[in-house]
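What follows draws every value from the coordinates through simple rules; no lab data is involved. Since this is a predicted model, take the numbers as computed values, not measurements. In this analysis, Cβ positions are derived from the backbone assuming ideal geometry, glycine residues included, and neighbour counts consider all displayed protein chains.
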Amino acid sequence: MSDCLFCKIVAGQIPSTKVYEDDAVYAFLDIEPQAPFHAVVIPKEHIASAAEISPENSAVIARIYEAIAKIAKAEQLENGFRVVTNCGADGGQTVGHLHFHLLARRNLAWPPG
Ligand code: AMP
Ligand code: ZN
């Protein structure tokens, strides 16, 4: 996906502040943080949104949650955190590459509104 912002971040064509990387997952700090700690966790493989998860590509979702647990330990988020995936127009998705917001270090309102 040559025109995808997050594919370009994975490829190093657009700079990012990396917080985690393995063979399947990349995570970096959000440029418009919505909490004192706000990372974006993505599959390296291009998947357009949560609506495109299928039996063929869903294994990476487990890898993403393994990565999130590692990041939470490394960042000492023992007070808790929230994982959010926006999907589609009504879901507020602005980048068309599946991603998981990892938000922490403040008390997060529920329901989110
Ligand atoms: P969403 O609105 O759920 O699609 O989330 C996209 C997120 O990507 C937003 O929180 C943006 O602030 C973030 N974002 C967009 N461009 C960049 C970038 N170049 N580096 C880091 N985060 C970005
Ligand atoms: Zn992409």
**OP:** Please give the helix 59-74 orientation as an angle from the longest Cα principal axis of the chain, in degrees from 0 to 90, rounded to the nearest 10.
**Re:** 30
Original post:
Could you name the aspartates and glutamates in cross-link range of Lys44, using Cα to Cα under 19 Å and dropping any fewer than eight places away on the same chain?
Top reply: Asp3, Glu21, Asp22, Asp23, Asp30, Glu52, Glu56, Glu66
Subject >> Inter-label distance for Asn86 and Lys18, nm, one decimal - labels placed 7 Å from Cα along Cα-to-Cβ >> reply: 2.6
Original post:
Once the Cβ-Cβ distance between Glu32 and Glu56 is put in as r, and R0 is 41 Å, what FRET efficiency do you end up with, to the nearest 0.05?
Top reply: 0.80
Subject >> Overall form of the chain per C-alpha gyration tensor (a/c, 1.5; a/b vs b/c) >> reply: rounded
Original post:
Can you give me the relative contact order of the chain as a percent, contacts being Cα pairs under 8 Å and 6 or more apart?
Top reply: 30
Original post:
To the nearest 0.05, what FRET efficiency results for Cys4 and Ala69 with a Förster distance of 30 Å applied to their C-beta separation?
Top reply: 0.70
Original post:
Which length gain, in nm to one decimal place, applies between Ala11 and Trp110 when the Cα-Cα distance is subtracted from 0.36 nm times their residue separation?
Top reply: 32.1 nm
